[in-house]
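Everything below concerns the one structure shown next.
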């Protein structure tokens, strides 16, 4: 079934622009809450207690991982717009708590509520797939992907200014305004849910609970093993709970008449390689961009001794802005030659550039230039990677795969920071080179896995 045949009625150009603007703002609402707190770590820890920033981040991403595997699938039954507006309202209430709260437990509650808005990515791709033609869908996929890069590349500078002059709460005031505006625009601009498109039957809440425990257990295991110890009772309990829950999930889904996801679909070449590529890509490339290279830049002995602002200006913002330009063009290209083809090309480019960084990591001028190229390679990689969760999903269960793939982003990120933290923490020339070569190896594994991925061309109606 093609995209054109899934639409209830063609949107005018004005309606399309209005709808995509609402989706962009909804995604930005999440991203701002995800990235703008980085310059506020010291201020947060000063006012809320030592290491308060850690749980504020982990609770936020944990809620996002659980929300992805549950809420996106639920939107098959109750409608995309209802779920999207609902999570934006939840985000706004959570942000308000973070503004007025004076204790860490209340702020953690707010961060949990904010984190559920991670599902805005998957819901945005689903809405666009159902409402737009193939060509427009490709471009808009790039736009949504570019928001991730563009916001993450420039908001750190604004956040630094706000923290220095008004404290960390000012960041939440700004994100609250964005969230409220996103609710209003989404309510007005998003097409109403069509009852004919909703799935019949009932949501598989037993399966949803089990997969949520699985994802939460894996994230907590990876996120806490490094500092609590991999043999600590809590860490071991997390991975045991995740394993037991996953086994139970498989058994429940095989016996369910209306499963959350068909296990045969999940184990097919349409699905599991995509999940694996997502985890491996984030465990490799994203950790280079957001952790390894900034660590080199700020290292005072063997690195470049750069300030936070200089690090952002030289090593983060340029790469993000290049990605902002490249991503929409790549989305259009992917429709023509195939999303999987573009994904493989992007991975090859990213691996090549990380290998060059491994050689020239401590040469400041070369590192700056290579990071600009790496930003372009990330645009080529992330644009199809983000869209494929929707494109590769079964036609009769469009919300089943995107949620799991989005959760894989978080798992990959946790895995990346876990392995890289141990190596980069040594702060030596050898450790930085080693970390980058490990990223190369993981990237090669991602490319090898992408070769197994089988495009679901016929069902998606797109070149794949």
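The values are calculated or read from the model by the stated rules, or taken from the named source; none is laboratory data. On a predicted model such as this, the values are computed, not experimentally measured, just so you know. Here Cβ is always computed from backbone atoms with ideal geometry, including for glycine, and neighbour counts include all displayed protein chains.
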Name the residues in segment 229-241 that are under 15 Å from residue 212 (Cα atoms) and surrounded by fewer than 17 Cβ atoms within 10 Å (Cβ to Cβ), would you? 239, 240
Yes/no for residue 207 being part of a helix (DSSP H, G or I), more than 19 Å from the chain's Cα centre (by Cα) and buried (at least 22 other Cβ atoms within 10 Å of the Cβ): yes
Suppose the filter is farther than 18 Å from residue 316 by Cβ, under 17 Å from the mean Cα position of the chain (by Cα) and either surrounded by fewer than 24 Cβ atoms within 10 Å (Cβ to Cβ) or free of Cβ contacts under 8 Å to residues at least 40 places away in the same chain (or both); does residue 415 pass it? yes
Among 407, 439, 448, 430, which is surrounded by fewer than 17 Cβ atoms within 10 Å (Cβ to Cβ) and under 25 Å from residue 269 (Cα atoms)? 448
Determine which single condition residue 390 fails, assuming it passes every other condition in (1) surrounded by fewer than 23 Cβ atoms within 10 Å (Cβ to Cβ); (2) at pLDDT below 95. (1)
Verdict on residue 337 being modelled with pLDDT of 90 or more and more than 23 Å from the chain's Cα centre (by Cα): yes
If we keep just the residues of segment 242-256 that are without any contact (Cβ under 8 Å) to a residue 40 or more places away in the chain and over 24 Å from the mean Cα position of the chain (by Cα), which is surrounded by the fewest Cβ atoms within 10 Å (Cβ to Cβ)? 255
